[in-house]
Amino acid sequence: MTIKTQAYLVLLILTTINFLNYIDRQIIYAVFPLIKQDMLLSDKQLGFIGSAFVVVYLITSPIFGRLGDLVSRKGIIALGVGLWSLATVGASVAQNYSQLLLARSLVGIGEASYVVTAPTIISDYFGRERRGKALSFFVMALPVGSALGYILGGHLGEIYSWRSAFLIVGFPGLLMVLLCLKIREPKRGAVDNTLIHESYADSQQNINLKEVYISLLRNKQFVTAVLGLTAYGFALGGLGAWVPTFLHRINGLPLGLANKLFGIVLIASALLGTLTGGYLGDYFLKYTKKAYFLTSSTGMLIGVPILIIAILSRNPSIYWPAIFFTAFFLSFTVVLNAAIINAVHPKIRSTAMSVNIFIVHTFGDAVSPPMIGWISDLSDLKTAIMLTPIMIAVGAFILLLGAIKTSFQERVF
């Protein structure tokens, strides 16, 4: 098998697992009403089930990020995939609220270990000129897998039960563990200008966690990308949480139909948008090192007025195409993952990804849903959701400012 064939095979395996990652992550929300009815839970208790995943995910991602820079990454991935898949299957047999809460917490641990390590393996197979497209293909699983989680969860839960939904989507992940162990892990920095040898002694030499964090804070490319993603993540989290409710409450669609149509539109638009954004980012990278920042910010700026049209229109022939094109252009931000990878030394890429995840989720999508809900309580949902295009514009401004002010040196350490 050639190196190129091996690279694409690894990309396919890791992307497939990433689809399962987001399906397993999001399916819980599709069956909330069924769980509430079966276990006689309050909305507050349901909310804590979602929070349990997020909190554990945030706490453990920096730990796995550091481990991903020091030990075998495919071992961490195999362990994580096995853990979150078992936890998803385990949720199907939960007999009470506490057991279900524990199962979702374990999903958070498993998925944290995967998200911070898998992109670094892909980056060690694909050089700068192909890295944006490769990581865009990988990250495509986020919107598409999330949408499939809603669709599959709603369908399986309605036909069978919420327990069957967890069982069916969790089982394939257990089979993928074997494929994880078959992956040939590349040397860190194998396709970069500086080769970082894989021996554990080399990978741990004279680098402590404090020095790593300081180097990241001094890295203008990294900081700019993370801040831009945080503003964007705030908007994306708010839209993901409230668009179905918005379509139901403001536009008058039945809630089930709103969820289904929104999921279908999101799959089509995000699929095309992520692939297009990855291609454009890599194409313009031939001419400027600022390509990833410029591609992302351009997509965000185009998406802002289209999103405003989607929010203000009550005509389905207008707001559905507007939602489609909003998601399409906003998906160009997938290349920022490659920007983060390119900005840091191969030795600290997993740690960099974990810091990015921690900041983006803590100050982005973990904050926006309740804030939009609070504003909605004070006024109305249409007014509250207008906060999202504002934050997207803020993110675009941060990225454009960073493109102007940053020298774009590679692998600052």
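The numbers here are math on the coordinates, done by the rules we state, and not lab data. Computed from a predicted structure; not experimentally measured. Because the Cβ atoms are built from the backbone with ideal geometry, glycine has one as well, and the counts that use them run over all protein chains shown.
Extending each Cα 7 Å along its Cβ direction at Ile318 and Glu158, get the distance between those two points in nm, one decimal.
Placing both labels 7 Å along Cα→Cβ, they lie 2.9 nm apart.
Given R₀ = 56 Å, what would the calculated FRET efficiency be for Arg249 paired with Thr2, taking r from the Cβ atoms and rounding to 0.05?
With R0 = 56 Å, the Cβ-Cβ based efficiency is 0.55.
State to the nearest 20 debye the size of the charge dipole of the chain about its Cα centre, where the only charges are +1 on K and R beta carbons and -1 on D and E beta carbons.
720 debye
Given R₀ = 30 Å, what would the calculated FRET efficiency be for Val93 paired with Met371, taking r from the Cβ atoms and rounding to 0.05?
The formula returns an efficiency of 0.25 here.
Within region 272-321, which trypsin sites (Lys or Arg not before Pro) sit in a loop by DSSP and count at most 10 neighbouring Cβ atoms inside 10 Å?
When the trypsin sites (Lys or Arg not before Pro) of region 272-321 are filtered for loop state and at most 10 Cβ neighbours within 10 Å, Lys286, Arg314 remain.
In a shell of Cβ-Cβ distance under 11 Å around Arg104, excluding Arg104 itself, what net charge do Lys and Arg (+1) and Asp and Glu (-1) give?
Here the count lands on -1.
Where in region 307-347 does the amide nitrogen come within less than 15 Å of the point 7 Å from the Cα of Glu211, taken along Cα to Cβ?
345-347
Please arrange Ile17, Ile109, Ile375, Ile348 by how many other C-beta atoms lie within 10 Å of their C-beta, fewest to most.
Ile375, Ile109, Ile17, Ile348
Taking each full run of DSSP H in the chain as one helix, which ones are at least 20 Å long along their axis (Cα atoms) and have mean Kyte-Doolittle hydropathy of at least 0.0?
Values: long enough: 3-30 (40 Å, 0.88); 43-68 (37 Å, 0.98); 73-91 (27 Å, 1.15); 97-115 (27 Å, 0.76); 141-159 (25 Å, 1.03); 162-182 (33 Å, 1.67); 220-249 (42 Å, 0.81); 255-285 (43 Å, 1.30); 291-312 (32 Å, 1.98); 316-330 (21 Å, 1.38); 387-405 (27 Å, 2.13).
Span-like helices here: 3-30, 43-68, 73-91, 97-115, 141-159, 162-182, 220-249, 255-285, 291-312, 316-330, 387-405.
Arranged by the count of other C-beta atoms within 10 angstrom, fewest first, what order do Thr230, Thr16, Thr388, Thr2 take?
If I rank by nearby Cβ atoms, fewest first, I get Thr2, Thr16, Thr230, Thr388.
Any idea how far the Cα center of region 30-78 sits from the one of region 231-290, in Å?
Cα centroid of region 30-78 versus Cα centroid of region 231-290: 22 Å apart.
Put +1 on the Cβ of every Lys and Arg and -1 on every Asp and Glu Cβ in the chain; which of Leu135, Leu101, Tyr160 then has its Cα farthest towards the positive end of the dipole?
Value: Leu135.
In the neighborhood of Ile151, defined by Cβ-to-Cβ distances under 13 Å, what is the net charge if each Lys or Arg adds +1 and each Asp or Glu adds -1?
0
Quick check for me: using +1 on Lys/Arg Cβ and -1 on Asp/Glu Cβ, what's the dipole size of region 1-137 about its Cα centre, in debye to the nearest 20? Please list the in-between numbers first.
Working: 12 positive and 7 negative charges, 79 e Å.
Here region 1-137 has a charge dipole of around 380 debye.
Gaussian network model of the chain, Cα springs within a sub-10 Å range: biggest mean-square fluctuation belongs to which of Ile390, Ile77, Ile357?
It is Ile390.
Could you tell me which residue out of Gly273, Val367, Leu381 lies farthest along the dipole of region 207-408 toward its positive end? Charges go on the beta carbon: Lys and Arg +1, Asp and Glu -1, centred on the Cα centre.
In region 207-408, that residue is Gly273.
List the lysines whose Cα lies under 22 Å from the Cα of Lys286, skipping any in the same chain that are fewer than 8 positions away.
Lys4, Lys133, Lys220, Lys405
Select one label from (1) 20.6, 63; (2) 31.0, 97; (3) 37.0, 136: the one whose number is Rg and Dmax of the Cα atoms in Å as derived from the coordinates shown.
Matching the structure shown: (1).
Using a 10 Å cut-off around each Cβ, can you sort Tyr232, Tyr114, Tyr287 from fewest to most neighbouring Cβ atoms?
Working: Tyr232 29, Tyr114 25, Tyr287 8.
Exposure proxy ranking, most exposed first: Tyr287, Tyr114, Tyr232.
Answer rounded, prolate or oblate for region 63-176, using the Cα gyration tensor with square roots of eigenvalues a ≥ b ≥ c: rounded when a/c is under 1.5, else prolate when a/b is larger than b/c, else oblate. If you can, show how the numbers build up before the last one.
Working: a/c = 2.95, a/b = 1.60, b/c = 1.85.
Cα axes put region 63-176 in the oblate bin.
Using the Cα centre of the chain as origin and beta-carbon charges of +1 (Lys, Arg) and -1 (Asp, Glu), tell me which of Ala147, Pro186, Ser297 is placed farthest towards the positive end of the dipole.
Pro186
Based on alpha-carbon atoms only, what is the radius of gyration of region 218-348 relative to the globular estimate 2.2 N^0.38 Å?
Working: Rg = 16.4 Å, N = 131, 2.2 N^0.38 = 14.0 Å.
Taking the Cα Rg and dividing by 2.2 N^0.38 Å, one obtains 1.17.
Which of rounded, prolate or oblate describes region 46-108 when judged by the alpha-carbon gyration tensor and an a/c cut-off of 1.5?
Here region 46-108 falls in the oblate category.
Could you tally the net charge around Phe332, taking each other residue with its Cβ under 15 Å from the Cβ of Phe332, Lys/Arg +1 and Asp/Glu -1?
With Lys, Arg at +1 and Asp, Glu at -1, the net is +1.
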